[in-house]
Amino acid sequence: MIRLYDTGIYLVNGADICVDAAEAAQKAGRPVDKDEAVRGTIAYGILKAHNTGDMENLRLKFDSMTSHDITYVGIIQTARASGMTAFPLPYALTNCHNSLCAVGGTINEDDHKFALSCAHKYGGIYVPTNMANIHSYNREAMAGCGRMILGSDSHTRYGAIGTMAVGEGGGELAKQLVGRTYDFARPGVVAVYLTGSPKPGVGPHDVALAICGAVYKNGYVKNKVMEFVGPGVAGLSMEYRNAVDVMTTETTCWSSIWVTDQKTKDYLTIHGRPEAYKELKPADVTWYDGCVYIDLSTVECTIAMPMHPSNTFTIHELLANAQDILHEVQEAANKQLRGAKLEIESKYHDGGIWVEQGEIAGCSGGTFDNICAAADILRGKSIGNGAFSLSIYPGSMPALAELIRNGRASDLIAAGALMRECFCGPCFGAGDCPANGEFSIRHTTRNFPNREGSKPNEGQMSAVALMDARSIAATAANGGKLTAATDLDVEYTNPEYHYDAGIYAKRVYDGWGHPEPDHPLKFGPNIKDWPEQPALTDDLLVKLCSYITDPVTTTDELIPSGETSAYRSNPERLSEFALSRRDPQYVGRSKAVRQIERDRQAGKGLTDEVKAVYAALEKAGLKTDPEGTDLGSAIFANMPGDGSAREQAASCQRVMGASANFAKQYATKRYRSNCINWGMVPFLVEDPSVFELGDYVFVPGVRKAVLDNADSIPAYVVKPDGTVKPFNVSTGPLTEPERQIIADGCLINYYRNH
């Protein structure tokens, strides 16, 4: 059972939920002060310890940072251009995303060598290719109780180890590298109250997906902290907690934190860092802005069907209503897709639902406990020699070494599974991409459109569902027939984990605190500097080059993951892929506008189309300055930015000449921050029907309005027939630095100017 409380709650002594102050006072045996109770959350204490401003408007300094090889080049290049001479805090650079070094020639490995040279020059930590995925390494080597970690990957979540971790775009990491702060209004805190114990066969992904299904669509925890409390926490192993915790990203929460206990202490001790432990728990009376109540004993084996982790059903529910649910999923997906269509109804035949691929991988699936449980299920069995395949990607080399030592890797290989390297590829479409028309079940983080590598605009489409490793193994044992792990009689051995710190000691370069200023940086031919970006002019004219009416637009649709990420260090080249899977004509449209602006700046004048737009504005009584007004492109999407923290979702638009985004709301803070850090005005519009694809929008006085943080900004849409219609836009609240960053044109310009 999962229950969402309609109002905030008091938690007394970490155990009793009370809906009002009187009940809380009775339970506590003393008067209750709400302001004091608000300060009683674990989250509040950690935020206070890392804050340099007032507690309503946070200005945070983090203990460490982390990036992988899709994001670190751009971050370091931004920081270098902004005056960085050394890393001011520990910065771990992992190489777990673009590890397939044959893709794009030498450029992936060129970036890895660039990162190693940066670790030497600036004093960083370099984790070589395939040693560990980003989050496994940070759990093992960096996280600690009461700490805060900032990462340029959306699944930067180490709350189960007592660390408040935040996934953000690269601009926010660059700010930390040049000594600035992370500025954010203090978030609300929602209790996730766990009670009971999971049934045998019910794994962490079942719990995580059940939570996503309950809170994503209603925005219950959006931009808040999820604080895991309650008696049910104690019964969960640390790896179980870690695997639930990492999926909190899919709820759109800002961060997460858990109570800590002896198991947390043991975990840190096993990993050679006992000093990183301290007890974290809420005050004896604590106020939360909401509560997600979960009886773990009621959670069933769960599946998230295409195309979102919140599209959840219990596996038994799906099997009992297979034809109806498959039809509904197929219809809903095909309303969202462009090009090839999803075909999933045919997967039901011969009395069951059949899948062709299973994946247990990465920061959510590739944990030691998950893989051992899969081995217990498959020991002595065979996945068969039919269409079904199973691949296992351990989270780190220390975990893989222990799986080899204790025989679990052998059990899986003997059953027909493939043991792969420590690689995040299956999570974002760069490894084990299923064939066209296939159905893949994955213990990974996401099943967004095209996330597994499909290209609908090229006629390629497969289906991905998320499941726990245990049910994936049960399905494998049945040759690909979808099966809940609770339907099998399995003795789970839960072997003890032995961590070998020497594996990292022999290969990881740790230069923290020992920069080598004279060490040369190693640049590959594809590593390019960011192109110059213009400051925001007094007025702004933009052309709508994409108009997306989907309820939500993911960052993977804004800039595809997978093979396109090979070009991440070359801003111009990567930007050619912007919106390529959602609106393939966007790049051509935006480049045309960019060229008009370049020609204007070069003194070549304006096109007849743009002259007509200004003439229409003048006729409507508006004063214009065509030679002093930036002309850019823009997109509209109802709710853009769900998913990845990759700043390229915004920077590629900017490189393509974008000056603004229009949205009814932004799916995540991190995408909105990325837009701001790249100098694009994050406009909000209440009625997007006022404009359409190809229209121009003129915003007079925009620079002053942004700097003044105006509540409402007059704007005018210019139709192709010369009709001019007024409407209003806003930007939502902007911090003082954010206003100036937009005015200066991007974060790099801001640091140069200030």
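We did not get these values from a lab; they are worked out from the coordinates using the rules stated. In this text, all values refer to a predicted model and were calculated from it rather than measured experimentally. With ideal geometry, Cβ positions are generated from the backbone for all residues, glycine too; neighbour counts draw on all protein chains shown.
When every alpha-carbon pair in region 525-574 is counted, what percent end up more than 13 Å apart? That tail contains 73 percent of the Cα-Cα pairs.
For SER64, the amide hydrogen comes within under 5 Å of the amide hydrogens of MET148, LEU150, counting only partners 5 or more places away or on other chains and with H modelled in the peptide plane. Taking amide H atoms as placed 1.01 Å from N in the peptide plane, the amide H of GLU516 lies under 5 Å from those of LYS121, TYR122, GLY123, each 5 or more residues away in sequence or on another chain.
Per residue, the Cα convex hull of region 98-185 amounts to 121 Å³. Straightening the chain between ASN494 and GLU345 buys 49.9 nm, computed as 0.36 nm per residue apart minus the Cα-Cα spacing.
Quick note on region 30-177: its Rg to Rh ratio, both from C-alpha atoms and Rh being the Kirkwood radius, is 1.06. Restricting the calculation to Cα atoms, the chain yields a radius of gyration followed by a Dmax of 25.6, 81 Å. Averaging over all projection directions, the Cα-based convex hull of region 383-518 occupies 12.3 nm² in the image plane. To the nearest 10 degrees, how steeply does helix 586-601 sit against the main Cα axis of the chain, on a 0 to 90 scale? Tilt of helix 586-601: around 40 degrees. For region 201-216, the Karplus equation 6.51 cos²θ - 1.76 cosθ + 1.60, evaluated at θ = phi - 60°, returns couplings of x, 8, x, x, 5, 4, 5, 4, 5, 4, 5, 4, x, 8, 10, 5 Hz by residue, with Gly and Pro reported as x. Over the residues of the chain, the helix contribution to mean residue ellipticity at 222 nm works out to -9000 deg cm²/dmol, using -39500 (n - 2.57) for each DSSP H run of at least 4.
Please give the charge dipole size of region 1-120, origin at the Cα centre, charges +1 on K and R Cβ atoms and -1 on D and E Cβ atoms. Round to the nearest 20 debye. Magnitude of the dipole: close to 220 debye.
Annotation: amide H of ALA143 has no partner in the under-5 Å range at sequence separation 5 or more or interchain, hydrogens built in the peptide plane.
Projecting the Cα atoms of ALA86, CYS96, MET131 onto the dipole axis of region 60-183, where Lys and Arg carry +1 and Asp and Glu carry -1 at the beta carbon, places ALA86 farthest toward the positive end. When all alpha carbon pairs of region 544-609 are counted in 5 Å bins from zero, the resulting P(r) reads 3, 16, 22, 19, 16, 13, 7, 4, 0 %. With both partners inside the chain, how many of the DSSP beta bridges are antiparallel, as a percent to the nearest 5? Around 40 percent antiparallel, to the nearest 5. The Cα-based radius of gyration and maximum Cα-Cα distance (Dmax) for region 137-195 are 12.8, 44 Å. Counting only alpha carbon atoms, the long axis of helix 72-81 and the longest principal axis of the chain meet at about 40°. Structural size metrics of region 683-754, computed from C-alpha coordinates, are Rg and Dmax of 14.1, 44 Å. Rounded to the nearest 10 degrees, the inclination of helix 368-378 to the longest alpha-carbon principal axis of the chain is 60 degrees. Anything over 29 Å Cα to Cα? Flag those among LYS263/LYS669; LYS48/LYS506; LYS222/LYS335; LYS455/LYS506, in the order listed. Pairs exceeding 29 Å: LYS263/LYS669; LYS48/LYS506; LYS455/LYS506.
Just the ratio, please: alpha-carbon radius of gyration of region 298-340 over 2.2 N^0.38 Å, N its number of residues. Rounded to two decimals, the normalised Rg is 1.24. The spread of Cα positions in region 167-317, taken along each principal axis and listed from longest to shortest, comes to 52, 36, 32 Å. Beta bridges assigned by DSSP with both partners in region 302-500 are antiparallel in approximately 35 percent of cases.
Note on region 320-375: semi-axes of the ellipsoid equivalent to its C-alpha gyration tensor, largest first and rounded to whole Å, are 28, 17, 10. How many angstrom lie between the Cα centre of region 507-553 and the Cα centre of region 626-672? Between the Cα centres of region 507-553 and region 626-672 lies a distance of 14 Å. Here the Kirkwood formula, the inverse mean of 1/r across different C-alpha pairs, assigns region 302-500 a hydrodynamic radius of 16.7 Å.
Counting only residues at least eight positions apart within a chain, or on another chain, the lysines with an alpha carbon under 22 Å from that of LYS265 are LYS278, LYS281. Our summary gives region 302-500 a relative contact order of 30 percent, counting only alpha carbon pairs under 8 angstrom and 6 or more residues apart. Average projection, convex hull of the Cα set of region 540-753: 11.2 square nanometres.
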